[in-house]
Amino acid sequence: MDTSAMERLKSRCKEIRILYIEDDEVTRKYTHSILSEFFDSIDVASDGQHAYDLFIDAELAIPALGLSCESQSRRYNLVITDIKMPKFDGIALIAKIRKICKETAIIVTSAHNDVEYLIETIRLGVDGYILKPIEFDQLFDSLASTVETILLKEERRAYTSSLKQTIVLQQSALEEQLHTDALTKLSNKNTLDSILSHIQPVEVPSLFLINIDRFKNYNKLYGIEVGNQILKEFAHHLKEVATSMCYSVFRVSSNEFAMLHLDTELNPEKIYEDINQTLELLNGIAIKVEGLNEKILIHISMGVTFDQENLFNKAFTALDFAKQSGKSFVVYTSNLDETESLANDFYWQDVIADTLDKDNVVPFFQPICNKEGEIIKYEALIRIKTKDKLEQEQYVSPYYFLDIARRTRQYDSLSHKMIEKVLELMVTHPTVTFSINISFRDMLNKEIRDLLRSKMEAFRAQNQAINLVFEVVESEKTTDLNTVKNFLKYIKYEEAPIAIDDFGTGYSNFSHVMQLDPAYIKIDGSLIQEIDTSEKTRLLVQGIISFAKALHVKTIAEYVHSQTIFDQLVEMGVDEFQGYYIGEPWLELPCRP
C-alpha cells in the first residue's frame, strides 16, 4: 500500500462522519480499528434498529432544534453497514435511510456474494460493496473512491450554497436600488408609487410634493458635486422633519421630494398645520456644504393633495401652479386640473404633425382695399387642411393651433412651409402684392432666412418686381431694430415695406416703433370693432391716424365689418381697409395673375 496515498486519504477524511453497523463483534472491532486510522468521527451500532435511531437523531433532530449550520454539519456523510443483522437487516436499513436522505454515501459489507443482494443494493443506490472477510486493500480502495465522491458532493453543495447566498445578496442589492435613492438613501418614487397603488378605501392620504426652487442655478454656480451635497443635506433635514410628524419621505426626482402620511380620517386642520410646520422648518433653511465658506439658503415650493385617486399627478399639478404663481404651497383643487388642456395640446400636435407630413399647410387670402374700394393687395393667412369627426374636409384657423405650435418646434416648420407657398404664388402672380406675417422668431430662423434670400435673388435675376410686405406683430421685441435690419439685409430685401400689426394694444411705444420706419400701421381690430360705440376708442383711433400721417405712414384698419364702419374710417382718414366687409379670407386668389 502506497504510504502517500494513505496519508492523502487520512487528510481527506478528517471532516467526514461515519456510521458503522456490524453485528459480529470481532469483525466490528477489527474494521473499527482500521477506520479509526482515517476518520475522527465514527459512531458504531450492532443492529439495524440502533443504527436507524442514530441516523434519525443526526438527520432530523438537529434541524428541528434550530441549531446552527455547524451543528447541522454533524449529519452522517457515510454509512458502512452489514446486510445480515438482527431486528432488521442492512437492505431494510438502507431503504429507510434512502427515504430520508438520498445523498448519504453507503458502503455494504457482506459475506454473501448473492446476485439478488447485489441487485437490490444497486437499486437502492449504494456507493460500494465489500465482501467479507474484509481485506485492507479492498476497504482502502472503496473508501478512497467513496470519500472522493462525498467530498465532490460537499464542494458542489458548498458552491451551490455560496451561489445562492450571492444571488440573495445581489437580489437584495437590486431590490435596494429599485426602491432606494442612491444619493440620499431615501425611498424613491418606485416605493412611493407602490404605496400609493395599494392605498385602501379606509385610508386617507396626505401627500406633499416638495421642490427645491431654482436648484439648477446651484448646479450652474457651484457644480454638480456641490449640488449633490446640497441634495443630501436637504434630504437629511427633510427626513428629520417628516419623521417628527409621522410622515414617510421619498426622493422622486432630481430636486423633488415627497412626504406621505396615511390616516383613517380626513383632518384638514391637521394637514394645514403640517404644511405650515414643514415650511417653517425647511423654507429658507441654511445648508452648510463642505468646501464653501457661505451657507446655501434653500427655498421650497409645495404641492399638496389629500385625494385618494391620482395623488401624485394632482400633487404635481398643485406644485406646478405654486411655482408658476410664486406661492410657497398650493393645495390641489379641480380648478387646477389641466388634463383637458393637455389633451387638447396633444391632439393638435398630432394634427400639425400629420399636416406637415401630408403637406396640408394652406394659405388663405384676404383682400385689402383703398378708399375707393379697389383691391390693392392680399394678406396671406395660414390654415391647415384636415378632417373633422365625420371625415369631412375642413380648413382650420390658426386660432386653434398656432399657440400650441409656438410652444414646440412645429411652429418653425409651419411658418417655413407657409412662407414657401406664398413665395411660389409670387412667381405665378408677379403683379399681386402679398402681405405675410413674420415674427422675430422667423427672422432668426436660418432656414427661413435662407429660403427668402434665395427667392429674392431669383426674382431679381428674372427682373421680377418683389411685391411683398412683412407684417411684424407689435410686441416688446418690436423695438429690436437691429434684428429687423440684419434680417432684411441678409435676405437682400432692405427696401421691404414693414407693417406694424395689431397696433394700438399691448406694447405701444410710438417712438421706439417708429425707429423701424414702417410703411404701414395696422390698427388693431379690437379698436375698430368699438369705434362706433365707444367715444374713447374713437379718439384713440383718431390719435393713431394723426400720428401716422404726421410721419407719412399709411394706416390700415382691420376688422372692417360694415358699410357704416368703412365710411366712418374713410372720413377719419384711414388709407386702407381689411375685414369681412371688404372680403373674407379665401383659398383661391380672386384675381388673375
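The values are calculated or read from the model by the stated rules, or taken from the named source; none is laboratory data. Quick caveat, the model's predicted, so the values are computed rather than measured. Reconstructed Cβ throughout: ideal geometry from the backbone, glycine too, with neighbour counts over all protein chains shown. The area values use the complete protein model at the heavy-atom level, side chains included, leaving out ligands, DNA and RNA. Shrake-Rupley method; radii C 1.70, N 1.55, O 1.52, S 1.80 Å.
Tabulated values for the structure
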quantity	calculated
Cα-based shape type of segment 201-357, given that a ≥ b ≥ c are square roots of the gyration tensor eigenvalues and the cut on a/c is 1.5	oblate
Accessible surface of segment 189-335, 1.4 Å probe, proportion on carbon and sulfur as whole %	48
Cross-link partners of Lys389 among lysines (Cα-Cα below 25 Å; sequence separation of 8 or more within a chain)	Lys358
Net lengthening on full extension, Asn276/Arg409 (0.36 nm per residue, minus Cα-Cα)	43.7 nm
Prolate/oblate/rounded label for segment 86-221 (Cα gyration tensor, a/c 1.5)	prolate
Simple spin-label estimate for Asp40 and Glu571 in nanometres, 7 Å along Cα-Cβ	12.3
Which label in [x] 26.1; [y] 30.7; [z] 34.0 gives the computed Kirkwood radius over Cα pairs in Å	[z]
Highest to lowest packing among 145-153, 247-255, scored as the average C-beta count within 10 Å	247-255, 145-153
Under 28 Å from Lys216, Cα to Cα: lysines that are on another chain or at least 8 residues apart	Lys185, Lys189, Lys232, Lys239, Lys288, Lys295, Lys314, Lys323, Lys327, Lys477
Considering only the chain, percent of DSSP beta bridges that pair antiparallel, nearest 5	50
Glu391-Cys101 pseudo-label distance in nm [points 7 Å out on the Cα-to-Cβ vector]	7.7
Segment 33-43 - phi-based ³J(HN,Hα) in whole Hz, Karplus 6.51/-1.76/1.60, Gly and Pro as x	5, 5, 4, 5, 5, 10, 10, 8, 10, 10, 9
Charge tally in the Cβ shell below 12 Å around Gln542, where Lys, Arg are +1 and Asp, Glu are -1, Gln542 excluded	+1
Computed over the chain: relative contact order in percent, which uses C-alpha pairs under 8 Å that are six or more apart	7
Contact order relative to length of segment 3-162, as percent, for alpha carbon pairs under 8 angstrom and 6 or more apart	20
Ranked by how many other beta carbons lie within 10 Å on average, peptides 487-494, 77-84, 551-558 from highest	77-84, 551-558, 487-494
Highest to lowest packing among 368-374, 380-386, scored as the average C-beta count within 10 Å	380-386, 368-374
Surface accessible to a 1.4 Å probe, per residue, for the residues of the chain, Å²	54
Across Lys132/Lys164; Lys385/Lys554; Lys485/Lys549, pairs whose alpha-carbon gap is larger than 32 Å	Lys132/Lys164; Lys385/Lys554
Accessible surface of segment 341-578 [probe 1.4 Å, protein heavy atoms]: carbon and sulfur percent	49
Segment 3-162, Cα convex hull volume normalised per residue, Å³	113
